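> Questions regarding the structure given below will be posed in turn.
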Amino acid sequence: MADVLDLRQFRGTQLDGLLQAESAEWDRLLDWDYQPSADLIRQYVDARILPGYVLAERGFGRTAPLGYGFFVHEARKGMIGNLFVAPEHRNGTLDGEHVLLEQMIATLTATPGVERIEAQLMAFAPQKLGECFAAHGFASFRRVFLELGLGGGEPANGAEGTTHLQDMRLEPWGGASYEEAARLIQHAYREHVDSRINDQYRNFAGAIRFMHNIAHYPGCGQFDASASFIARSLRRGALEGMILASRVKPDVAHITQICVLPERQGHGLGRALLERALGSLRRQRLRAVTLTVTGENAGALALYRRVGFVDLNEFDAYVWERTA
Ligand SMILES: CC(C)(COP(=O)(O)OP(=O)(O)OC[C@H]1O[C@@H](n2cnc3c(N)ncnc32)[C@H](O)[C@@H]1OP(=O)(O)O)[C@@H](O)C(=O)NCCC(=O)NCCS
């Protein structure tokens with residue numbers, strides 16, 4: 001018989017088997033090393049500060065975890081951070097994924113002060129969780145996970161330092177502050193579908209949190225400053241575009257952010273930034289680079305496909321807002 005228990009009753013080592021199985025799945029589905037995230041989860045579980053649930057079989061004096069899920073709170077928002085159930089407990093009489101998801105949604109929606117819930121579970125195909133989220137009033141947004149093979153052969157030649165494009169200077173990331181980057185994000189995503197999915201994009205404080213997470217937490221990989229670039233106006237010195245990259249495996253990169261000020265869009269800057277980053281990744285002899293994009297964001301999707309990215313899989317982003 002399986003029970004749903006509070007994650008804070010567990011020790012990190014009790015989840016070792018699940019975290020290993022999950023790492024293997026992320027490797028297979030997303031070409032992504034989940035180990036740094038798994039290590040952080042273990043630490044948070046040991047500190048008993050991660051809210052969430054474990055689906056566990058109890059009997060003969062022992063408790064065997066079959067799956068787990070956790071969420072985090074950020075001001076008035078709850079974020080479902082993860083959900084994983086061992087493959088053999090997914091679709092039988094006990095659908096472990098739905099059991100845990102229902103429990104997390106029930107807790108978050110019943111928590112006073114939680115006005116919004118976001119979830120982006122990249123390892124789940126849309127049809128897997130879509131009905132459950134929809135039944136609780138979540139909106140869904142299709143997201144596409146793409147990958148580009150970098151060839152792995154000869155390193156690319158081409159620009160390494162500062163270059164120019166029209167009246168802009170393209171240079172390595174080192175020269176920008178979080179504040180400038182946050183202001184750029186806030187402007188680039190105004191009225192954009194991605195700021196309906198991620199409310200951090202809607203204001204300066206949220207965009208600063210986004211930058212902080214990118215630079216310091218492994219959720220999107222380990223930040224790679226050497227493959228991240230900015231574009232500055234030569235006249236005004238202002239930040240007008242940027243591309244941020246991370247490492248998700250020793251030989252695989254991930255583009256965590258690319259954006260250009262609205263008044264600068266459509267003049268080749270996005271493509272130039274992407275090519276600078278790809279050049280740097282090729283010079284580092286990486287095997288591949290991945291990114292995610294909202295399906296509705298047709299311009300960005302067209303840009304990535306034109307550069308050679310191919311679709312690897314799809315997942316949905318889910319958003320719930322409390323109504324009065
Ligand atoms: C996506 C973004 C970074 C692209 O930068 P950009 O400077 O506008 O793009 P470019 O001018 O370099 O255009 C690149 C290519 O995309 C194509 N493109 C741009 N907008 C397009 C659109 N709306 N529809 C179809 N194609 C489009 C261009 O034709 C160009 O193709 P080409 O190089 O073969 O001529 C920029 O539009 C942006 O910041 N958008 C808001 C934030 C965002 O969506 N970021 C991506 C999140 S995944």
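The values are calculated or read from the model by the stated rules, or taken from the named source; none is laboratory data. Everything numeric in this text was worked out from a predicted model, so none of it was measured. Glycine gets a Cβ as well: all are built from the backbone with ideal geometry, and neighbour counts include every protein chain shown. Heavy atoms of the whole protein, side chains included, go into the accessibility calculation; ligands, DNA and RNA do not. Shrake-Rupley method; radii C 1.70, N 1.55, O 1.52, S 1.80 Å.
> State to the nearest 20 debye the size of the charge dipole of the chain about its Cα centre, where the only charges are +1 on K and R beta carbons and -1 on D and E beta carbons.
780
> Work from the charge dipole of the range 147-315 (Cβ charges, +1 for Lys and Arg, -1 for Asp and Glu, about the Cα centre) and give the residue of Gly219, Gln186, Gln166 farthest towards its positive end.
Of the options given, the answer is Gln166.
> Pull out a ≥ b ≥ c, the square roots of the eigenvalues of the alpha-carbon gyration tensor of the range 163-267, then state rounded if a/c is under 1.5, prolate if not and a/b is larger than b/c, and oblate in the remaining case.
Oblate is the answer for the range 163-267, as a/c is 1.5 or above yet b/c matches or exceeds a/b.
> Something else: Quick check for you: which residues of the range 199-221 have the amide N under 19 Å from the point 7 Å beyond the Cα of Arg116 toward its beta carbon?
199-214
> Continuing with this model, one more query. State, to one decimal in nm², a quarter of the convex hull surface area for the C-alpha atoms of the range 2-137, i.e. the direction-averaged projected area.
8.5
> Okay, next question. Taking the chain as a Gaussian network, where each spring joins two C-alpha atoms under 10 Å apart, which residue of Leu278, Leu303, Leu286 fluctuates the most?
Largest GNM mean-square fluctuation: Leu303.
> Which order do you get for Cys220, Cys259 if you rank them by accessible area with a 1.4 Å probe, largest at the top?
Greatest to least solvent exposure: Cys220, Cys259.
> Once amide H atoms are built 1.01 Å from N in the peptide plane, which residues 5 or more positions from Asn313, or in another chain, come under 5 Å H to H?
For Asn313, the qualifying residues are Phe145.
> Starting from the Cα gyration tensor of the chain, multiply each eigenvalue by 5, take the square root, and state the resulting semi-axes largest first in whole Å.
37, 22, 17
> Normalised by the number of residues in the chain, what is the relative contact order in percent for Cα pairs under 8 Å and 6+ residues apart?
Reported relative contact order: 21 percent.
> Here's a follow-up. Over the chain, with every protein chain in place, what whole percent of the accessible area is carbon and sulfur at 1.4 Å, could you tell me?
On the chain, the fraction of accessible area on carbon and sulfur atoms equals 50 percent.
> Round to the nearest 10 and give me the degree value, 0 to 90, for the angle of helix 35-46's Cα axis relative to the longest principal axis of the chain.
So the inclination is approximately 50 degrees.
> On to the next question. Taking 0.36 nm per residue of separation and subtracting the Cα-Cα distance, what length does fully extending Glu102 through Glu57 add?
Gain on stretching Glu102 to Glu57: 14.4 nm.
> At 0.36 nm per residue, and after removing the present C-alpha to C-alpha distance, how many nm does the segment from Glu191 to Asp39 gain when stretched out fully?
Stretched out fully, the Glu191 to Asp39 stretch lengthens by 51.1 nm.
> A further question on this structure: With a 10 Å cut-off between alpha carbons and a GNM built on the chain, which of Arg62, Arg116, Arg202 moves the most?
Arg62
> Roughly what % of DSSP beta bridges within the chain run antiparallel, to the nearest 5?
So the antiparallel bridges in the chain amount to around 90 percent.
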